[in-house]
1. Identify, please: which residue in the range 130-185 is of a type in the set (D, E) and in a helix (DSSP H, G or I) and is, among those, surrounded by the fewest Cβ atoms within 10 Å (Cβ to Cβ)?
2. Is there any pair linking a residue in the range 309-335 that is closer than 20 Å to G269 by Cβ and hydroxyl-bearing (S, T, Y) to one that is at pLDDT below 75 and part of a helix (DSSP H, G or I), with Cβ under 6 Å and at least six apart or on different chains, and which?
3. May I ask you to list the residues in the range 370-386 that are touching a residue at least 24 places away in the same chain (Cβ under 8 Å) and closer than 20 Å to N333 by Cβ?
4. For the structure I just gave you, tell me whether L89 is among the aliphatic types (A, V, I, L, M) and within 23 Å of F608 (Cβ to Cβ).
5. Condition first: at pLDDT below 75, outside any helix (DSSP H, G or I) and surrounded by 13 or more Cβ atoms within 10 Å (Cβ to Cβ). Now tell me which residues in the range 517-567 satisfy that.
6. If I ask for residues that are over 24 Å from the mean Cα position of the chain (by Cα) and under 20 Å from K263 (Cβ atoms), which ones from the range 80-118 would you list?
7. Of the residues that sit in the range 28-61 and are farther than 19 Å from V73 by Cα and of a type in the set (V, I, T), which one is surrounded by the fewest Cβ atoms within 10 Å (Cβ to Cβ)?
8. When the range 568-602 is examined, which residues are found to be under 31 Å from the mean Cα position of the chain (by Cα) and in a loop (DSSP other than H, G, I, E, B)?
Amino acid sequence: MKSVFQMLLLFLCVSQFTGVAQENSEIKQLKELAKTDLKRAEALLNGMLANKTLKLTPKDSVEVIFYKAYILVNLGYVDSALMQFNHCLIRAEKIHQNHLKVLCQCEIGNIYYNWGNYEKALQYFLKSQKESLIMNDAICQAEALNYIGKYHHSLGNFDKSLEYFNSAQLLAKRHQMIDLQATLNASIGKYYESLGNYDVALTWYLSALRLKDSLNNRMIMGTIYNHLGNLYQAIGNFEQSLAYQKLGLEERIQLGYVEGISKSFKNIGEVYLDLKLPDTAMIYFTKALQFANDYSRTRNYCFQALNLSSHMGYDKGFIQANYIIGQSFYYENQLEKAETFFIRSLQNALLNGMKEEICDNSFLLYQLNQQLGKTDKTLEYLKKYYETKMEIVNEQTTNHLAELEVGYEMEQKEKANELLRKQNEINTLTIARKNGFITLISIILGLTLIAISAFYLSFKSKQKANRQLALLNTEIISQNRKLTKLNEQLKRVNREKDNFFSIIAHEVRNPLWWFRNLAETLSENYDTMPKDKLGKAIQSLDESAKNSFHLMDNLLQWSKSQLNRMSFNPQELNLAELIDENIKLWKTAATYKSIQINIDTDPKLRLFADRDMINTLIRNLLSNAIKYTHVNGTIEIKANQLESSIQLTIKDSGIGISKANLKKLFDPNHQFSTLGIMQEKGSGIGLKLCKDFIELNRGTIEVESTENQGTLFRCVFPI
């Protein structure tokens, strides 16, 4: 019977393991399909959601929501995708899936970025960078840096964008993030293209393309091909431009990436327009707008770009935005509105001498006026289109002739150089004959010089030996100094060790002995003790326990700091809450001595520091204030924000500290401690801990004291 039960248990474990493996396999397949075929990924996702027998862990459920949103945004359902990303963000926060949480923030920021709401997008990008830095997630940090670089590039802050791209690239290479490396190579190429440095830009684009064998991501491949197509169009190589643009279109169609397909059609149309094939160009423009499928939203984005370009004085962006807005009205057959934006774009293009943009606007105004039946304007814009195109062709021809002329001059110079080389050969033969006699004299002189050199080298060798001996003596002296310093450090470490064991032998043993006696007395006499004595005994037991805990905690923290094993985890802290927590810890001791504690803190005051270290700091300063304050005394705790810092002060009306003892408080070579008002004992390490912890949090501590009047500790932290 027992063996049967064991076999059944084993079967259930294997079945459960198999189910998890299958589940993880499906999610892995979903991730891969999201990079190569969005429609198939959507079908798989719908099947998983419809399968009621499939049990997903909380982490897997959040991943499924993330990829659902990712698929929706790339299929063109942006509003639904935004809702799903926000839902995923909330779920990820609840189960502490910080990696997915940061990725959601990046994707939400990217949606606002594509909508033209750059400032809101930046808020999400910066938040994701900060959180990935705190949780030491290099992958998320690289993604966030890439998006911040895109933001600055869109605003024309090209140098700043390059800084973020380079930082992201270092992380991507270090952690072998091939997809992101390819994306960043393309982004850096775009930076150089924006500066007009086409050769360097091409180098970066090709370096991104060389990674294609390691990529299984049609989104990235489509982007790389698109950048290469735009670059070749800019330098006038339209054949290569079309080839790469069509490769990019094919990748995006295979993926099902709606916005990308629209952009590829638009780019191909622009190349055909440069090739003087307007009818073919219009076919692709129409397809681009068909896939965009939302003229109103397209115009909204363009109006945002228009306002931003106008604000920045970015003429090219202003001209392009007017042109695209005019296109959207034109394809909605709102010809008069379209004409207004085409004319504005054309006028600014004429003012800036931007001939390509003049051609684009003139051609569409020609078609628009032809439809409106305005013959005079039709001919005027058609004439402007062909005149500008001829100017462009003439400039290209002039440049080509200049290149040919330079080539001819270089060829003539090469021939002249060849003649000079032959003449030099003749001169060399003549000089060789004359040098025969000179060679003989040179040999004699050489032998003489060798003899002199031998003597000189012997002399130098002795000098070098003397210098080396002097260096050895200097090194021996230096080593002796180092040994002396090491001996001093060893003595100091031994003193600290002896001090530590002394504290354990005397300071820890006494409160624990007292705690044991109190507990034993209560245990044996609980039923016979008067109620008032019983209360006092329990109160003393509570005090003894707190003092023992406080001392042991200080010893533990001190030993960690001495061994350099403290972990430093800064975070945003509510300083008022920490002060309240520590006052509750010492409330019994303060009440026992009838000490009034006055608090003046801002409940909204925030401090970025390590929670455990700040707790230890407040606990030690408050403990000392209570220990050295008379019965019916007062303690004042104040925390406020100055111009560039946060200041915490703890002031008591106690016995104060003499000037001689003030110098010993923070001295690491002295163990200084005095008895409290009620003969309370201390270890003498609490204030040293306070100083170490404040300095670790980039702060400073000061003390002011007058004997028999009280003491004030002032802690200052930078914001």
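The values are calculated or read from the model by the stated rules, or taken from the named source; none is laboratory data. What you see is a predicted model, and the numbers here were worked out from it, not measured in a lab. We place every Cβ from the backbone using ideal geometry, glycine too, and count neighbours over all the protein chains shown.
1. Step by step, filter the range 130-185, then rank; the result is D159.
2. Close Cβ pairs satisfying both conditions: S328/Y295; S328/T298; S328/R299; Y331/L289.
3. Q371, L372
4. In short, no.
5. Once the filter is applied, which keeps residues that are at pLDDT below 75, outside any helix (DSSP H, G or I) and surrounded by 13 or more Cβ atoms within 10 Å (Cβ to Cβ), the range 517-567 yields only M566.
6. A81, the sole residue that qualifies.
7. T53
8. Selection gives F568, N569.
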